[in-house]
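The values are calculated or read from the model by the stated rules, or taken from the named source; none is laboratory data. Since we're looking at a predicted model, the values are computed, not measured. Positions of Cβ are generated from backbone atoms using ideal geometry, with glycine treated the same way; all protein chains shown enter the neighbour counts.
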Amino acid sequence: MLFFSADDVVGSASLAEGEAEPGVEPGRVVEIRRSGISTIGLVLAPILMAGRDRLLLLRPSGEIWPVSKTDVQFSMPSSLVPHELIEQCWTPELLSLWARGEDIGLTSGADTALLGEERTAAMLAARRKVGTLLRKVQRETERMEARLTGGSLKSGRGGGIEALWEAFTPADPDQQGAVTSAQAAEYLLNADGGDKYIAVRPNTLPAYAAHVILMRRADLFLADDSGMLETGAFLVRSRNARRRIEAAQHAVETDDAVLRQFAEKAAPLISAAREGQPAPQLPEWTDAERDLIHVLALSLYEIRSTQVSPVHAIAAGIVKVFGIAPDRRIDLGVVAGLLSDLGVLPPTDSLRTSIVAESFERAIDRSGMRADVAPAPSATTPVDALDGLREDVAHRVYVIDDPTALELDDGIALERVADGTFWVHVHVADPTRFLDVAHPDAVRASFLATSLYLPEGTTPLLPHGLGGGSLSLGSGDGQGCMTFSARIDAAGALLDTKVSAGWLKSAVVTTYAEVDARLGNKPTPSVYPFGRRDEPPSKRRNDELTPTDLEDLATLRDLAVTLRRRRTASAGLAWSDNAPSIKVVNAARPAANLFDRAAIPATPQTFDPARPDDVAYSYAVPTANLFTDVSASTTVAELMILANRVAAKFCADRNIPSMFRATAPPSNTSNTPASHTVAKLLEMRQEGGYLDELAISRANLVFRPSVVSTAPAPHWVMGFADNDWGYVRATSPLRRYEDLLVHWQIKAALAGEKGLSEAEVAALAERARRGEQRGKYSDRHARAFWAAALFAQRRAGPRPDGYAYGPDAVDLAGPLKGVAVGTPGITATQTSTPVRVPALGLTLDFTEKGRSKGLALGEEVDVVLDTIELWPAPLVSLARA
């Protein structure tokens with residue numbers, strides 16, 4: 001029950017075969033961790049439960065658990081369990097029992113009725129043999145742990161784990177180290193300095209025993225929070241980080257005078273903050289008090305439950321001394337509130353900027369590449385060999401974006417050919433003219449992977465002077481650019497392609513809204529359910545469009561519609577839930593990294609706004625559909641897809657390893673009705689491959705995520721079903737590292753030089769994938785955080801002043817219309833059904849206590865907001881009105 005306490009579905013009517021992956025394929029013995037619980041088990045089968053990938057795991061006790069692949073922290077050799085024994089432990093027919101809620105782990109009679117007595121007896125006998133083997137692995141692991149932690153009298157080293165930490169933490173007291181479980185085992189096994197050196201391979205028993213030991217000591221070693229299974233890497237806490245944790249723990253355990261004095265000094269500050277009054281006097285924090293604040297802040301970062309971090313118990317002890325929550329459970333919300341009262345955490349900071357920054361820094365330290373990202377001179381001198389080959393761009397180039405956009409990556413242009421065809425040119429900013437792959441700014445970008453756009457502020461991929469400055473298109477004359485050109489006819493057929501380096505002499509900089517207004521495109525306004533605020537006008541350049549410009553832009557729009565129709569003719573599914581755009585209007589720039597000890601202020605900060613209730617929002621729900629819309633934004637988006645295909649063709653034709661994006665077609669499942677198979681859905685599509693969200697939900701398809709490979713592959717979801725030349729992303733190098741990597745490869749080929757090898761591209765692609773994953777998660781988390789904060793604000797009181805309220809404004813105190821758009825998920829205590837609330841532009845969980853059938857797909861229901869939480873993860877749930 002504890003293991004499955006974290007929002008996991010343990011029963012569902014939607015269940016099908018999943019997809020096996022290396023390292024967690026059937027027959028692997030793996031370790032899983034969550035909620036402080038760990039176990040080993042044999043992977044029986046990958047399955048799909050309520051649209052989520054899961055693994056059926058046979059535990060040593062004979063139970064079968066459905067676990068998430070992200071729970072897997074260690075994978076043992078594939079040869080550990082004999083293949084014939086693995087096959088006897090499982091049969092896919094048992095999925096039908098699971099779907100009906102039958103127990104397939106311990107004999108219940110249903111499996112016998114399905115398989116027959118002989119097959120069932122053989123299966124249970126095989127499972128007992130596996131259980132015996134798993135228990136043997138556990139015993140051998142314990143013996144190896146004792147050997148590893150025993151230290152060595154001959155070497156003079158005291159306890160093994162202390163010696164390990166001492167060996168792998170740098171001498172610089174603020175520098176973090178890194179160690180893998182295999183390295184740790186190898187170091188400890190050779191502690192006595194014997195003649196025969198013992199080498200340890202990853203995924204072996206000694207490595208697993210070391211893994212268990214390191215996991216247990218989160219005060220010294222921190223597991224890779226984004227790829228433990230792949231890397232086996234641990235961060236080694238710095239000497240000062242360890243000292244701070246130990247000092248804080250001592251202060252809490254002994255009721256130290258330092259802690260009591262800190263609480264007394266902060267009491268007037270906290271009281272004033274909670275009464276909404278200015279503090280009478282801002283205290284000065286001592287270094288010891290700043291250390292305590294740092295440990296409090298750290299508890300908001302180290303929340304991954306694969307390890308039991310020591311900072312949570314310490315933070316709870318500090319809160320108790322302050323006496324601010326005597327009748328409340330001390331959770332992360334209480335800690336966040338205390339940090340805000342202490343003048344550390346602004347009310348307009350979701351902490352996601354800091355979390356990404358801290359994850360980024362830890363990823364660099366785990367990689368051992370700290371020296372490669374040391375500050376270096378600005379990238380102002382060209383480093384590529386293409387300047388002598390660049391061609392002047394003679395045609396008019398249109399750089400179109402939102403008025404608030406700072407990084408202008410791309411511009412579009414049209415060139416008419418005498419035979420009635422068209423050259424469509426996409427000109428792209430060229431940061432690799434100044435950045436080679438080893439420049440510190442480029443190495444840092446490989447770990448960050450993407451610019452981060454949060455409601456409270458932006459973190460750019462490249463230093464602002466580059467991405468939002470001199471390299472942004474239209475910022476000056478004579479800019480270097482990369483040009484991706486395609487010659488097409490009026491029907492959208494691709495006749496020729498060209499990739500070149502150019503000099504962009506001038507550009508017309510404008511906005512989507514301006515182009516739409518001048519072309520007479522149908523306006524697609526957003527609605528503002530919580531009122532609209534007047535925002536300061538944009539100061540960005542907005543050039544005048546001539547009649548000739550408008551003629552070219554109209555032609556480009558019509559070609560884009562034709563290209564989209566042709567691209568999605570036989571492949572690709574798209575659906576949109578029109579997610580709201582949310583922005584904190586009066587936010588101060590978030591701290592770079594509040595989890596860095598150096599960022600803890602010496603005195604409390606004053607914030608504007610000072611209280612969460614004073615936060616002002618822009619919350620807009622779009623009424624247009626990105627897939628069927630005909631507008632300036634969809635024109636630019638389609639032409640970027642065309643340019644990316646041109647870049648992919650250039651790489652494929654020359655066998656250049658690059659970051660090719662690929663997706664397989666979705667698969668029908670046993671729960672897919674005959675009316676909603678993939679083939680039927682293709683027939684049901686509207687313009688742009690668009691489908692209604694309910695149609696996708698009814699289909700119960702298996703969608704596989706996009707993958708990156710170094711060779712071309714079909715990208716079905718985009719409409720590219722043939723394995724011709726694949727798809728890369730090359731049009732946003734100021735915002736995505738992936739695009740930078742593609743540019744380096746293309747430019748090397750243009751210059752006749754050797755680019756990065758396939759292995760080098762694959763390694764950089766994997767590093768960037770993890771950074772992109774962190775960015776996507778933080779973006780979703782921050783938007784959910786601010787939506788929850790806004791709902792809490794508006795549910796608690798009257799509508800604030802300063803907003804214009806239209807007929808679409810909502811009252812959260814009253815009922816809202818919703819429609820069920822997903823399959824109910826059943827846990828031990830409640831049933832949750834995804835419900836779309838159009839007025840809010842969100843799909844939220846509609847929860848009912850106990851186990852029930854939930855809502856039927858498409859069923860309409862009147863709902864009210866129920867639970868609203870911000871920490872440790874934002875949560876908004878619905879209840880029946």
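Brief remarks follow.
- Residue list for the stretch 782-806, filter: closer than 16 Å to Gly841 by Cα and surrounded by fewer than 17 Cβ atoms within 10 Å (Cβ to Cβ): none
- Residue match in the stretch 791-811 (condition: more than 31 Å from the chain's Cα centre (by Cα), among the aromatic types (Phe, Trp, Tyr) and under 27 Å from Leu351 (Cα atoms)): yes
- Flag if Ala588 is under 30 Å from Phe262 (Cα atoms) and within 26 Å of the chain's Cα centre (by Cα): yes
- Test: residue in the stretch 439-449 that is in the same structural domain as Leu406 (by TED's automatic domain parsing), crowded, with 24+ Cβ neighbours inside 10 Å, of a type in the set (A, V, I, L, M, F, W, C) and modelled with pLDDT under 95: no
Residue by residue, here is whether (1) among the charged types (D, E, K, R); (2) buried (at least 21 other Cβ atoms within 10 Å of the Cβ); (3) assigned by TED's automatic domain parsing to the domain that holds Gly572; (4) within 21 Å of Thr450 (Cα to Cα) holds:
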| site | (1), (2), (3), (4) |
| --- | --- |
| Val636 | no, yes, yes, yes |
| Leu642 | no, yes, yes, no |
| Ala647 | no, yes, yes, yes |
| Phe650 | no, yes, yes, no |
| Ala674 | no, no, no, no |
| Gly688 | no, yes, no, no |
| Glu693 | yes, no, no, no |
| Phe720 | no, yes, yes, no |
| Arg729 | yes, yes, yes, yes |
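- Strands (runs of 3 or more DSSP E) completely within the stretch 322-426 that count 1 or more residues being of a type in the set (Gly, Ala, Ser) and surrounded by 14 or more Cβ atoms within 10 Å (Cβ to Cβ): 410-416
- Taking the stretch 536-565 as the range and being loosely packed, with under 15 Cβ neighbours inside 10 Å and either among the hydroxyl-bearing types (Ser, Thr, Tyr) or closer than 30 Å to Lys817 by Cα (or both) as the test, the residues that pass are Ser538, Thr546, Thr548.
- Some residue of the stretch 524-538 being over 20 Å from Tyr690 (Cβ atoms), within 31 Å of the chain's Cα centre (by Cα), of a type in the set (Ser, Thr, Tyr) and assigned to a loop (DSSP other than H, G, I, E, B): yes
- Any hit, the stretch 433-450, residues being in a loop (DSSP other than H, G, I, E, B), without any contact (Cβ under 8 Å) to a residue 60 or more places away in the chain and not acidic (Asp, Glu): yes
- Pairs where the first residue, in the stretch 323-339, is over 15 Å from Ile270 (Cβ atoms) and the second is modelled with pLDDT under 90, C-beta under 6 Å, 6+ apart: Leu332/Trp871; Leu332/Pro872; Gly333/Trp871
- Criterion applied to Ile64, Ile32, Ile86 was being hydrophobic (A, V, I, L, M, F, W, C), touching a helix residue (DSSP H, G or I) at 6+ places or on another chain (Cβ under 7 Å) and assigned by TED's automatic domain parsing to the domain that holds Arg119, and the one residue passing it is Ile32.
- Meets criteria (in contact with a helix residue (DSSP H, G or I) (Cβ under 8 Å, 6 or more places away or on another chain), in a loop (DSSP other than H, G, I, E, B) and crowded, with 18+ Cβ neighbours inside 10 Å) for Trp744: no
- Condition met for Phe660 (within 30 Å of Ala759 (Cα to Cα), in contact with a Gly (Cβ under 9 Å, 6 or more places away or on another chain) and surrounded by fewer than 19 Cβ atoms within 10 Å (Cβ to Cβ)): no
Yes/no matrix, rows are residues, columns are (1) in a strand (DSSP E or B); (2) in contact with an Asp or Glu (Cβ under 7 Å, 6 or more places away or on another chain):
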| residue | (1), (2) |
| --- | --- |
| Gly771 | no, no |
| Lys776 | no, no |
| Asp779 | no, no |
| Ala789 | no, no |
| Gln793 | no, yes |
| Ala839 | no, no |
| Thr843 | yes, yes |
| Asp862 | yes, no |
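- For Ala711, the conditions (1) more than 21 Å from the chain's Cα centre (by Cα); (2) surrounded by fewer than 19 Cβ atoms within 10 Å (Cβ to Cβ); (3) within 23 Å of Asn625 (Cβ to Cβ) are fulfilled apart from (3).
- Some residue of the stretch 474-495 being surrounded by fewer than 15 Cβ atoms within 10 Å (Cβ to Cβ), of a type in the set (Asp, Glu), outside any strand (DSSP E or B) and touching a residue at least 24 places away in the same chain (Cβ under 8 Å): yes
- With respect to the stated conditions, Asp629 fails to be in a loop (DSSP other than H, G, I, E, B) and without any contact (Cβ under 8 Å) to a residue 40 or more places away in the chain.
- Of the residues making up the stretch 632-664, those that are in a helix (DSSP H, G or I) and of a type in the set (Ser, Thr, Tyr) are Ser633, Thr634, Thr635.
- Number of residues in the stretch 591-626 that are under 30 Å from Arg685 (Cβ atoms) and either part of a helix (DSSP H, G or I) or among the charged types (D, E, K, R) (or both) equals 0.
- Qualifying residue in the stretch 26-43 (condition: in contact with a Pro (Cβ under 6 Å, 6 or more places away or on another chain), among the aliphatic types (A, V, I, L, M) and at pLDDT 90 or above): yes
- Screening the candidates Thr568, Thr623, Thr628 for the property of being of a type in the set (Ser, Thr, Tyr), surrounded by fewer than 17 Cβ atoms within 10 Å (Cβ to Cβ) and either under 30 Å from Gly476 (Cα atoms) or in contact with a helix residue (DSSP H, G or I) (Cβ under 8 Å, 6 or more places away or on another chain) (or both) yields one hit, Thr628.
- Flag for Ala588 being in contact with a Phe, Trp or Tyr (Cβ under 7 Å, 6 or more places away or on another chain), over 27 Å from Gly814 (Cβ atoms), part of a loop (DSSP other than H, G, I, E, B) and of a type in the set (A, V, I, L, M): yes
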